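Below is one structure; the comments refer to it alone.
The values are calculated or read from the model by the stated rules, or taken from the named source; none is laboratory data. In this text, all values refer to a predicted model and were calculated from it rather than measured experimentally. Ideal geometry is used to build each Cβ from the backbone, glycine not excepted, and the neighbour counts take in all protein chains shown.
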Ligand SMILES: *Cc1c(COP(=O)(O)O)cnc(C)c1O
């Protein structure tokens, strides 16, 4: 099938046929995915299976594809592409994105920077995203592999504000200032990772308590900053949440901005999924608040439904962004925008195309509507919970995440934790709907996060009925 000394086929028509078959079959798979279970565990036997030796001589593409179907696709639980999936915060993708991925691979462009059209498209897409969140022309942005990476880049820039030259040349070990960052107890763990990777040290990430809505207690933040300054420490930045991972809580950005302005601190917003709510009419207020930030990190593979993995970081002042990451080299002198001057990666894929194609094809209005509907679905779930005698809502529904548990008449917390753990396990094994878990205030929580345009209300109705049914049997 393959030409001598080449990776290309002897006959391109055969390859095209094979490609058409793959495309048709993967779309057929996605089309009826709701008929499958959302999740199943890999069997003991299968678990041991994926340890073959490296293939020395090749085989036909048809054989490899068949192997993929049997050993990968059929064994893989659909999870986040299933309409009943409500776990963690995972986007379900979209069919235009599938095609875009194919085109991206076909072009195989390396989007480092320069005058190529691929760079123009990324710049255009970043421009759209800046506008969505109310940032000006002077802001800069970069597409990343996801929000963890975006958080890391943003906090690097924040850290370097203390003394960019010293940090870049001497390293932070030589600094005489003990820099402090602040985040709420509900922050995402990628923030802790970033703080550790940046050499700041997790002890210098001061955690601020949250109020009963799981939002950062801004009085406590201001007090802590004052206290740290009095003790000779050096506050640098605050990380605020729009959409905490546990319960979707939205911090009071305006209040936090007043504090960061007063003390000249960097304001970073982790809006991994929650920032997208700002594009809807009902959350317009968020857009103004987001634009107060010095930097914003968010994902496109979560609530924008772009195929994994793509996130974005936006920085209010381009110069600061550039200074943190630009490095010159004799073999790569340049005048145009080079994306490698705004992040860690040099070679980069053409992620921008999937965003560009999805936005062009579906249009922003459709996205607004889908995000709005997800929020409505969460409210609907909240109502079902409030109307039931057996269930208890465990956090306010700020966006698209609903935290609840089966309660019955039971007051014993240990028993309740145990019951709800068992309910969740049964639900997940049944695979019709797939919520995940968390803990709030020591209480075990069944958590439904709706970043799923395929999830109809009937799935939510089913979830509630089934939790009550299982719970009633346990007690
Ligand atoms: C998912 C998430 C992240 C990390 O994003 P990745 O794309 O998984 O790297 C960070 N913060 C919050 C609030 C998240 O929900």
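Of all residues in the stretch 85-101, those satisfying the criterion of being within 25 Å of residue 188 (Cβ to Cβ) and either more than 15 Å from the ligand (Cβ to nearest atom) or outside any loop (DSSP other than H, G, I, E, B) (or both) are 85, 86, 94, 97.
Please find, within the stretch 444-461, the residue that is farthest from residue 423 (Cα to Cα) out of those that are part of a strand (DSSP E or B) and in contact with a helix residue (DSSP H, G or I) (Cβ under 7 Å, 6 or more places away or on another chain). Only one residue tops the list, namely 448. The set of residues in the stretch 49-65 that are under 18 Å from residue 76 (Cα atoms) and in a helix (DSSP H, G or I) comprises 64, 65.
Within the stretch 270-281, the set of residues being more than 10 Å from the ligand (Cβ to nearest atom) and over 18 Å from residue 395 (Cβ atoms) comprises 276, 278, 279, 280, 281. Of the residues 111, 69, 98, the single one that is out of contact with any strand residue (DSSP E or B) (no Cβ under 9 Å at 6 or more places or on another chain) and touching a residue at least 60 places away in the same chain (Cβ under 8 Å) is 98.
Do you know which of the residues in the stretch 224-244 that are in a loop (DSSP other than H, G, I, E, B) and surrounded by fewer than 23 Cβ atoms within 10 Å (Cβ to Cβ) is farthest from the ligand (Cβ to nearest atom)?
Step by step, filter the stretch 224-244, then rank; the result is 232.
Figure legend. Inter-residue proximity from the stretch 145-157: first residues under 15 Å from residue 294 (Cβ atoms), second residues assigned to a helix (DSSP H, G or I) and near the ligand (Cβ under 7 Å from one of its atoms), beta-carbon distance below 7 Å, spacing 6+ or different chains. Indicated pairs: 151/190.
Within the option set 126, 104, 121, being over 22 Å from the mean Cα position of the chain (by Cα), more than 16 Å from the ligand (Cβ to nearest atom), in a helix (DSSP H, G or I) and modelled with pLDDT of 95 or more holds for one residue only, 121.
Residues to consider are 399, 384, 393; find the one that is without any contact (Cβ under 8 Å) to a residue 24 or more places away in the chain, within 30 Å of residue 284 (Cβ to Cβ) and touching a helix residue (DSSP H, G or I) at 6+ places or on another chain (Cβ under 8 Å).
393
The residue that is surrounded by the fewest Cβ atoms within 10 Å (Cβ to Cβ), among those in the stretch 134-151 that are within 16 Å of the ligand (Cβ to nearest atom) and part of a loop (DSSP other than H, G, I, E, B), is 145.
Would you mind stating whether residue 328 is assigned to a loop (DSSP other than H, G, I, E, B), at pLDDT 95 or above and out of contact with any strand residue (DSSP E or B) (no Cβ under 9 Å at 6 or more places or on another chain)?
Spelling it out, it is not the case that residue 328 is assigned to a loop (DSSP other than H, G, I, E, B), at pLDDT 95 or above and out of contact with any strand residue (DSSP E or B) (no Cβ under 9 Å at 6 or more places or on another chain).
Tallying residues that are in a helix (DSSP H, G or I) and within 19 Å of residue 143 (Cβ to Cβ) within the stretch 332-379 yields 17.
Do we find a residue being assigned to a strand (DSSP E or B), within 15 Å of the ligand (Cβ to nearest atom) and either within 30 Å of residue 171 (Cβ to Cβ) or in contact (Cβ under 8 Å) with a residue 40 or more places away in the chain (or both) anywhere in the stretch 247-267? Looking through the stretch 247-267, at least one residue is assigned to a strand (DSSP E or B), within 15 Å of the ligand (Cβ to nearest atom) and either within 30 Å of residue 171 (Cβ to Cβ) or in contact (Cβ under 8 Å) with a residue 40 or more places away in the chain (or both).
Scanning the stretch 152-166 for residues that are touching a strand residue (DSSP E or B) at 6+ places or on another chain (Cβ under 7 Å) and outside any loop (DSSP other than H, G, I, E, B) yields a count of 6.
Taking the criterion of being within 11 Å of the ligand (Cβ to nearest atom) and assigned to a strand (DSSP E or B), would at least one residue in the stretch 310-317 satisfy it?
The answer is yes; a qualifying residue exists.
Restricting attention to the stretch 156-195, and to residues there that are surrounded by fewer than 20 Cβ atoms within 10 Å (Cβ to Cβ) and within 15 Å of the ligand (Cβ to nearest atom), which single residue is nearest to residue 439 (Cα to Cα)? Ranking the qualifying residues of the stretch 156-195, first place goes to 185.
Consider the stretch 1-48 and keep the residues that are touching a helix residue (DSSP H, G or I) at 6+ places or on another chain (Cβ under 7 Å) and assigned to a loop (DSSP other than H, G, I, E, B). The one that is nearest to residue 83 (Cα to Cα) is 38. Please indicate, with yes or no, whether at least one residue in the stretch 354-368 is in contact (Cβ under 8 Å) with a residue 60 or more places away in the chain, at negative phi and in contact with a strand residue (DSSP E or B) (Cβ under 6 Å, 6 or more places away or on another chain). No, the stretch 354-368 contains no residue that is in contact (Cβ under 8 Å) with a residue 60 or more places away in the chain, at negative phi and in contact with a strand residue (DSSP E or B) (Cβ under 6 Å, 6 or more places away or on another chain).
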